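The values are calculated or read from the model by the stated rules, or taken from the named source; none is laboratory data. These numbers come from a predicted model, not from an experiment. Cβ placement follows ideal geometry from the backbone for every residue including glycine, while neighbour counts extend to all protein chains displayed.
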Amino acid sequence: MLEEDSSTGSDAAFFLAKWWLDCCKRDHKACRDFQGRPQLPDRIIDVGPSDGSREPYVREMSGVQRGDYVTLSHCWGSDLTFTTTKRNLRERERGIPLHSMPPTFKDAVTIARKLEIRYLWIDALCILQDSKSDWEVQAAEMASIYRNAVFTIAADNAADSSGGCFTQRDGYFVRPHELDPPLFGPTDVFKNYIRAHDAHTRDSTLVGRGWVLQEQLLSTRTLNYQSGKLSWRCCTSAASENHPGMRCIINADFVSQFQQSVLNHTWFHGEAPSQSSFSTVWGQVLMNYSQRSLTIATDRLAAIYGLAEALRGSYGLTYVAGLWKEQLQKDLLWVRSHSLGSRTGALPDARPDTAIAPSWSWASLNAPVKF
């Protein structure tokens with residue numbers, strides 16, 4: 001094992017992450033325009049100097065203050081107790097000892113410091129978790145919080161806050177290698193090993209989480225910390241340690257298609273795409289989102305509200321219980337999808353005990369839907 005690259009938190013990994021970020025800032029006009037120089041969220045974590053001479057602390061940002069910050073996309077798990085509340089807010093403002101943070105939060109602070117970004121936004125620490133009014137205000141700002149961040153840190157291998165961002169690995173096997181072996185010889189063995197390694201690192205704890213969809217769709221750039229590997233994605237390109245060169249991904253998948261056909265066109269050029277384009281994309285959003293899980297079932301509408309708010313502002317449409325008033329007839333044409341359920345016999349009842357939305361809304365079912 002190469003000692004200098006034995007972890008996704010190694011200096012070599014940070015060097016590559018910084019290179020990706022610098023390349024994107026320099027070469028990708030679309031990403032620069034998308035992110036701009038943002039207004040800081042109402043509450044933010046100041047990670048302090050990179051030398052650790054001051055502990056991180058929560059700051060209340062009064063008035064319009066601009067600056068660079070990063071966000072964290074993570075799984076809460078079943079019991080996240082390290083939060084900010086009305087009771088401990090003043091304590092959080094005085095300082096948060098790094099050693100007291102759960103590993104995922106601690107690693108996020110390290111990433112921000114290493115990449116020389118002063119501010120970090122973590123939902124658990126920047127939203128008062130026992131204040132319904134603060135939660136509602138911040139939930140409405142989710143779209144701008146993720147879109148305006150320099151990048152989002154995706155803790156893609158952690159099932160909860162104890163999992164951390166960094167994982168051990170043998171750096172040799174994630175580096176690209178130039179081989180010139182005999183035809184039909186070791187080349188095939190090498191390729192098969194890399195494919196097997198990639199298949200393992202594609203496993204993600206975030207991909208099935210409901211709250212994460214809007215974070216994926218609205219983030220200008222994402223730095224993914226996977227099992228044994230680091231990868232990058234922005235509005236125009238993607239890269240990984242296996243393939244560190246930026247490769248174009250415009251319209252290559254659902255996330256890119258959404259960003260290019262809706263968000264980029266609207267926010268970059270000041271005009272909305274066609275209504276038919278919007279209908280198609282919104283249907284894809286809901287089909288993807290409805291397959292994801294939520295720790296709290298009543299978050300069914302809340303977890304997609306930031307995304308809906310961004311679209312509402314762009315199109316000037318009226319959003320009602322997960323549907324759009326101006327295309328209500330189309331939005332009502334949803335059915336429960338059996339793709340993830342049993343194909344033999346009846347599917348279990350998907351109506352939650354507590355009503356989340358009107359029965360005519362897809363959000364009234366705790367199950368996948370299609371249009």
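Residue count for the range 304-326 under the criterion of being touching a Ser or Thr at 6+ places or on another chain (Cβ under 6 Å) and part of a helix (DSSP H, G or I): the result is 2.
Among the residues of the range 58-93, just one is charged (D, E, K, R), in contact with a strand residue (DSSP E or B) (Cβ under 6 Å, 6 or more places away or on another chain) and within 23 Å of Trp211 (Cβ to Cβ), namely Arg92.
Against the definition (surrounded by 13 or more Cβ atoms within 10 Å (Cβ to Cβ) and modelled with pLDDT under 95), how does Arg113 come out, yes or no? Taking the combined requirement at face value, the residue does not satisfy it. Applying the criterion of being of a type in the set (S, T, N, Q) and assigned to a strand (DSSP E or B) to the residues of the range 66-84, the residue that is surrounded by the most Cβ atoms within 10 Å (Cβ to Cβ) is Thr71. For the range 112-121, state whether one or more residues are in the same structural domain as Arg43 (by TED's automatic domain parsing), of a type in the set (A, V, I, L, M) and farther than 19 Å from Gly48 by Cα. There is no residue in the range 112-121 that is in the same structural domain as Arg43 (by TED's automatic domain parsing), of a type in the set (A, V, I, L, M) and farther than 19 Å from Gly48 by Cα. Among the residues of the range 56-85, those that are among the small types (Gly, Ala, Ser) and touching a residue at least 24 places away in the same chain (Cβ under 8 Å) comprise Gly67, Ser73, Gly77, Ser78.
Suppose we keep only residues that are touching a helix residue (DSSP H, G or I) at 6+ places or on another chain (Cβ under 9 Å) and buried (at least 17 other Cβ atoms within 10 Å of the Cβ) within the range 245-256. Which one would you say is modelled with the highest pLDDT? The extreme case among them is Met246.
Could you identify the single residue in Arg87, Arg37 that is at pLDDT below 90 and in a loop (DSSP other than H, G, I, E, B)?
Details: Arg87 fails: at pLDDT below 90.
Answer to the selection: Arg37.
Scanning the range 353-367 for residues that are within 14 Å of Arg292 (Cα to Cα), part of a loop (DSSP other than H, G, I, E, B) and of a type in the set (A, V, I, L, M, F, W, C) turns up Leu365, Ala367.
Condition first: part of a loop (DSSP other than H, G, I, E, B) and within 23 Å of Lys25 (Cα to Cα). Now tell me which residues in the range 123-155 satisfy that. Give the derivation first.
Pass one, the range 123-155, residues part of a loop (DSSP other than H, G, I, E, B): 127-131, 141, 149-151.
If the condition is that a residue be part of a loop (DSSP other than H, G, I, E, B) and within 23 Å of Lys25 (Cα to Cα), then Ala149, Val150, Phe151 are the ones that fit.
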